[in-house]
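For reference, the structure is listed below as structure tokens.
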Amino acid sequence: MAAMADDLSGLDPATRALAEGFLADPLGEHSPNLQRLLYTLRSAPAEGKHVLVEEVPGRRWRLARLGGRGRPVVLLDERFDDLAAAERRVFLLRLAARGAAGEGAA
């Protein structure tokens, strides 16, 4: 998890605290503030958004990117046997994309 903390180094303290909460328990219940951050990340434009594709029901997931309206999902090479690890990866990728877009903290 130390490497994940490095991914949070450029965040403002409030967003960093929310991100740390998600990374600690991605499948658990989330505070209202973390729910707002997740909503912001999930409501970003679909094209290029990272998602998970379930390859083996309940057992294996694959990282992918949405191709945009009328275009197929692009499967990437990363695969996960742990849903929590997969969710953490997507969260960090979406958080990084949000930062690259210059959006403010939630």
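The values are calculated or read from the model by the stated rules, or taken from the named source; none is laboratory data. Everything quoted here is computed from the prediction, not taken from an experiment. Virtual Cβ from ideal backbone geometry, glycine too; neighbours counted across all protein chains shown.
Odds and ends about this structure:
- The stretch 80-102 - residue that is touching a residue at least 60 places away in the same chain (Cβ under 8 Å) and hydrophobic (A, V, I, L, M, F, W, C) and, of those, surrounded by the fewest Cβ atoms within 10 Å (Cβ to Cβ): 96
- Among the residues of the stretch 4-51, those that are of a type in the set (S, T, N, Q) and in contact (Cβ under 8 Å) with a residue 12 or more places away in the chain comprise 15, 31, 33, 40.
- Some residue of the stretch 64-79 being farther than 19 Å from residue 19 by Cα, modelled with pLDDT of 95 or more, touching a helix residue (DSSP H, G or I) at 6+ places or on another chain (Cβ under 6 Å) and surrounded by 14 or more Cβ atoms within 10 Å (Cβ to Cβ): no
- Within the stretch 54-61, not a single residue is out of contact with any Leu (no Cβ under 6 Å at 6 or more places or on another chain), over 19 Å from residue 86 (Cβ atoms) and either at pLDDT 95 or above or among the aliphatic types (A, V, I, L, M) (or both).
- For the stretch 22-55, a residue qualifies if it is touching an Asp or Glu at 6+ places or on another chain (Cβ under 9 Å) and part of a strand (DSSP E or B), and exactly one does: 52.
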